[in-house]
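These notes concern the structure reproduced below.
The values are calculated or read from the model by the stated rules, or taken from the named source; none is laboratory data. If you're wondering where the values come from, they're calculated on a predicted model, not measured in any experiment. Positions of Cβ are generated from backbone atoms using ideal geometry, with glycine treated the same way; all protein chains shown enter the neighbour counts. Each accessible area value is taken on the protein alone, full model and side chains, heavy atoms only, with ligands, DNA and RNA left out. Shrake-Rupley method; radii C 1.70, N 1.55, O 1.52, S 1.80 Å.
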Amino acid sequence: MPITATLINYLMLCRRKVWLHAHGIRMEHTSEVVAEGRLIGLESYPQRAERWTEIEVSGTLPHPNANPVELAAKIDFFDPHLGIVHEVKKSAAKEQAHIAQVQFYLYVLRLNGIRAEYGLIEYPKLRITERVDLTTDDQQQLENQILRAHGILQQEGCPERLPVSQCRSCSFFEFCWVGEE
Ligand code: SF4
């Protein structure tokens, strides 16, 4: 499986979540939270489909000790004229994982020679927009994250759980903790 923005997002939250998702164990489709997020995206920016485009890109990152790591990105809202990635988050708090996700998009776009200047994360609930850049240092950090995510995918077993106190809002909560509380 290629490394995706979702896996980079999850890497910031929990190694186990990266492994579960990559092995086809998905809980998000049952999550009302995700559905609500999509709804907010559509309702807050009804004009976006006319101005921005959906784009899918792929690429590879050389691995120091193994085959290149495959990358894939599906970006819902990209402005090809200005080179801006747009992302909408329904959460009531800004998260580092959101920034990492958008930086991953910028990175894979640039790998393909596509002009990708910066990203904008819109938080309708907070009524703020956060700009996301990808500097040389950010890119180095992101490449390390990609290699770490790839390393987790190579593990045979599922990584250990986080402490339950950090799991309450996770879509895998029941999967990881059912019958144990
Ligand atoms: S419930 Fe906890 S341990 Fe399980 S994937 Fe989510 S954050 Fe990780």
Please determine, by comparing only the residues of the stretch 134-158 that are open to solvent by less than 60 Å² (accessible area, probe 1.4 Å) and free of Cβ contacts under 8 Å to residues at least 24 places away in the same chain, which one is nearest to Lys89 (Cα to Cα).
-> Gly151
Residue ID - nearest to Leu11 (Cα to Cα), chosen from residues in the stretch 77-128 that are under 12 Å from the mean Cα position of the chain (by Cα) and of a type in the set (D, E, K, R) = Glu95
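Residues are listed down the side, and each one gets a yes or a no for (1) closer than 24 Å to Arg110 by Cα; (2) at pLDDT 95 or above; (3) touching a Phe, Trp or Tyr at 6+ places or on another chain (Cβ under 9 Å); (4) open to solvent by 100 Å² or more (accessible area, probe 1.4 Å):
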| site | (1), (2), (3), (4) |
| --- | --- |
| His23 | no, no, no, no |
| Gly41 | no, no, yes, no |
| Pro46 | no, no, no, no |
| Thr60 | yes, yes, no, no |
Provide a single number: the residues in the stretch 131-152 that are within 15 Å of the ligand (Cβ to nearest atom) and touching a strand residue (DSSP E or B) at 6+ places or on another chain (Cβ under 9 Å).
-> 1
Every listed condition ((1) crowded, with 16+ Cβ neighbours inside 10 Å; (2) over 30 Å from Pro80 (Cβ atoms); (3) out of contact with any Leu (no Cβ under 9 Å at 6 or more places or on another chain)) holds for Val178 save (1)
How many residues does the stretch 88-120 hold that are among the charged types (D, E, K, R) and touching a residue at least 40 places away in the same chain (Cβ under 8 Å)?
-> 3
Selection over the stretch 154-181 where residues are away from the ligand (no atom under 15 Å from the Cβ) and under 22 Å from Ala5 (Cβ atoms) yields a count of 1
Per-region count, the stretch 108-133, residues among the hydroxyl-bearing types (Ser, Thr, Tyr) and either over 19 Å from Ile75 (Cα atoms) or open to solvent by less than 50 Å² (accessible area, probe 1.4 Å) (or both) | 1
